[in-house]
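For reference, the structure is listed below as structure tokens.
The values are calculated or read from the model by the stated rules, or taken from the named source; none is laboratory data. Bear in mind the structure is a predicted one, so any value in this text is a computation, not a measurement. Because the Cβ atoms are built from the backbone with ideal geometry, glycine has one as well, and the counts that use them run over all protein chains shown. Please note that ligands, DNA and RNA were not included when accessible areas were found on the heavy atoms of the full protein model with its side chains. Shrake-Rupley method; radii C 1.70, N 1.55, O 1.52, S 1.80 Å.
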Amino acid sequence: MVAPPMWGPRCKFKPFFNVLWSVNTPPGVVQLQPCVPRDYGANSVVCVCNATYCDFLEPYSNESISNGNYLHYTSSMAGLRLQRDAKTFVKNASIEVDATFQVNRATKYQEIIGFGGAMTDSTAINIHSMSEAAGKNILSVSTRVCALHSAIIVFVRSQQIPYLKQIQKISSQDIKLFTAPWSAPYWMKDNGTAFGRSALRLENYKPWAQYFVKYFDAYADANITFWGLTPQNEPNQGGVHKVHIISMGWTAKQLRGFIAEHLGPTLEENGYSYLKLMAYDDSGLYLPEYLQSILKNETTRSYVSGVAIHAYHDDNIDPNIISNLQTEFPDMFFLYTEGEYLHQITVDDLGTWERGEYYGRSLFQSLNHWVTGWTDWNMVLNTTGGPVWSKAPYNAPIIANASADEFLKQPAFYFMTHFSAFVPPASRRIKLEMTKDGGLETVAFLTPEDNIVINLENRKNKAVSVVINDPDKGDIEFEVQARSIHTLSTALGTPPTASLVRVQHEPLPTAT
């Protein structure tokens with residue numbers, strides 16, 4: 001066995017790759033393979049891909065973002081999907097605008113680890129349901145992936161591992177994988193079942209720690225190496241709450257002792273001390289007290305590298321809690337390890353713009369409060385939101401329609417892409433000073449290549465005029481459409497080699 005039942009492997013990959021498939025693009029030429037839209041009656045559209053076609057972005061020339069030039073990408077409820085416009089900085093832009101900002105690249109904040117999504121068993125099953133060519137296209141466009149995370153009881157080794165290897169083969173960069181269990185085998189738990197309130201029996205702490213070693217050993221035998229782990233997915237599920245999902249509850253005191261006395265030493269003794277062990281792995285509802293309780297033990301803290309947080313309930317949480325925790329624990333990184341809009345997929349709901357705005361709200365909020373990356377949950381579900389074992393509602397950025405051998409990219413996919421395609425690992429968030437914000441959400445980054453990337457979102461039902469000043473380059477002046485998200489990119493150095501990946505070029509028949 002590669003893993004015990006109920007183990008939820010999660011993998012964290014680097015963002016969307018920044019890698020270029022061989023496409024024979026002439027030097028200095030920017031080309032866009034456009035979205036083929038389909039309207040299911042919601043307030044926006046999905047983009048249709050199949051075995052031979054998918055929309056993509058290709059590399060841009062250094063000239064297009066240097067010498068006073070910048071690129072502007074727009075996605076909107078009105079139907080734009082990463083529309084690219086090449087523009088030039090101006091001098092003395094109009095001051096009669098709704099919002100004004102200034103880039104301050106000297107003030108730097110957290111370093112970015114990456115953005116991703118979950119190669120769950122559901123995702124693997126859905127990719128497997130497609131033709132080989134369509135499945136490869138899904139892997140190519142979604143290899144922003146990340147967090148391998150099982151939503152189904154049975155771990156599907158035969159499907160997940162080959163897809164992980166394909167992703168590793170496609171990528172020209174290292175891939176970061178992390179993992180988390182949902183539950184120990186039932187016989188190890190005090191209630192002997194999957195659901196309800198439960199805890200690991202004290203006498204099973206040591207053997208459960210050994211399970212982690214066996215898990216990593218088995219993956220190593222398959223030439224798959226992990227970057228990190230969390231000790232438990234959502235430890236308050238099954239602890240604080242009596243739930244109907246697979247779970248195992250831990251109090252902060254229990255988890256603190258398990259890490260300090262069993263998991264940390266066991267990983268170290270077996271050659272896995274390099275793994276990034278992340279504490280917490282739950283929504284922000286139980287912060288800061290739960291995390292503070294775990295990390296107050298110096299031995300526990302010596303084994304912990306970072307803090308894992310879930311995006312659920314972000315609307316009800318003061319994001320300054322994370323900023324304050326970062327001040328309290330400056331040696332820790334903070335990573336969003338799971339998020340999804342928990343709304344049941346229906347055909348007439350496909351393409352709903354608010355699903356993307358949910359992602360945008362969490363992305364902007366978390367990144368502006370010291371979070372180093374954001375991981376989606378299921379990358380791919382089918383047209384009924386499955387396959388799943390629970391009755392809970394599920395949704396995903398990519399919907400597989402196996403009967404037509406096609407997949408549909410929802411607005412959430414593009415919200416993620418505005419970050420994952422332009423903000424590579426090791427980027428630093430920088431300060432974007434505001435005179436008036438016009439109700440926009442904003443965040444800015446300096447990439448390792450010295451490119452400035454600015455993201456803006458307008459959730460209003462009316463356009464907002466904006467001026468962004470760069471003291472060294474001049475002004476950017478434009479109108480932020482109603483219900484839209486934007487990425488601006490300009491260079492101080494060499495741009496990334498690519499944004500997204502495409503596989504084939506054949507045109508897709510007009511979608512109906």
Got a sec to turn the phi values of region 85-95 into Karplus ³J(HN,Hα) couplings, 6.51 cos²θ - 1.76 cosθ + 1.60 with θ = phi - 60°, whole Hz, x for Gly and Pro? 10, 8, 9, 10, 4, 10, 9, 6, 5, 4, 9
Scattering profile of region 111-427 from the Debye formula, Cα beads only, expressed as log10 I(q)/I(0) at q = 0.09, 0.13 Å⁻¹, is -0.43, -0.95
Once phi is turned into ³J(HN,Hα) by the Karplus curve 6.51 cos²θ - 1.76 cosθ + 1.60 with θ = phi - 60°, what whole-Hz value does each residue of region 217-228 show in order, with x for glycine and proline? 4, 5, 5, 4, 4, 8, 6, 10, 10, 8, 9, x
Just report the Cα centroid separation between region 442-475 and region 29-104, whole Å. 13
Expressed per residue, the solvent accessible area of the chain in Å² (1.4 Å probe) is about 36
What's the extension gain from residue 269 to residue 320 if we count 0.36 nm per residue and subtract their Cα-Cα distance? 14.6 nm
Quick one: accessible surface of residue 289, probe radius 1.4 Å, all protein chains present, in square angstrom to the nearest 10. 120
Each label sits 7 Å from Cα toward the beta-carbon; between residue 404 and residue 95 the label points are separated, in nm, by 5.3
Need one number: nm distance between label points at residue 39 and residue 390, each 7 Å from Cα along Cα→Cβ, rounded to one decimal. 3.6
Expressed in angstrom and rounded, the centroid-to-centroid distance over alpha carbons for region 315-386 and region 160-217 is 23
Please list, in chain and number order, the residues 5+ apart from residue 55 or on another chain whose amide H is under 5 Å from its amide H, with Hs placed from the backbone. 36
Would you mind working out the magnitude of the charge dipole of region 111-427 relative to its Cα centre, with +1 at each Lys and Arg C-beta and -1 at each Asp and Glu C-beta, to the nearest 20 Debye? 540
Burial-style ranking of 56-62, 312-318, average other-beta-carbon count within 10 Å with highest first, yields 56-62, 312-318
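Can you tell me the length gained on complete extension of the stretch residue 217 to residue 328, counting 0.36 nm per residue apart and subtracting the Cα distance?
Values: separation 111, 0.36 × 111 = 39.96 nm, distance 3.50 nm.
In short, 36.5 nm is gained.
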Which residues does the label zone of residue 108 cover in region 433-460, counting backbone N under 17 Å from a point 7 Å along Cα→Cβ? 444-454
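Given Cα pairs under 8 Å that are at least 6 residues apart, what percent is the relative contact order of the chain?
This gives 28 percent for the chain.
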Could you give the length gained by full extension between residue 61 and residue 242, i.e. 0.36 nm per residue of separation minus their alpha carbon distance, to one decimal place? 59.6 nm
